[in-house]
Amino acid sequence: GIRKSAVEATLERNPNAFRPKIAPTLSNKRFRTEEAGNNPAIKHNKGCHCKKSGCLKKYCECFQAGILCSDNCKCNDCRNFLGSRQRELPLQAAT
């Protein structure tokens with residue numbers, strides 16, 4: 001139908017158009033915070049674009065998925081990285 005032809009036209013222009021935003025990858029060294037070491041690394045394909053949350057609230061797609069921000073992210077004042085003291089405080093309070 002019409003939808004199928006629209007999807008095919010979109011995929012011709014952009015083969016990555018319907019890829020999931022968060023996907024596992026073997027090349028990324030960042031792990032899910034709650035399952036570090038048990039799963040292959042997971043990353044955000046496009047990265048987040050946070051401006052005010054510091055990537056520590058559910059507004060951040062990376063934080064919501066339980067992963068660290070990566071080089072793909074274009075966030076301002078990021079605090080969602082390995083070794084961040086601000087990131088560890090909410091995690092400790094939750095336990």
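Each value in this text was obtained by applying a stated rule to the coordinates, not by laboratory testing. These figures come from a predicted structure and were not determined experimentally. Here the Cβ positions follow ideal geometry from the backbone for every residue, glycine too, while neighbour counts run over all protein chains shown.
Around the amide H of Ile22, modelled in the peptide plane, lie the amide H atoms of Asn45, all under 5 Å away and 5 or more residues distant in sequence or on another chain.
Between Ile2 and Asn45, the simple label model (points 7 Å from Cα in the Cβ direction) yields a spacing of 2.6 nm.
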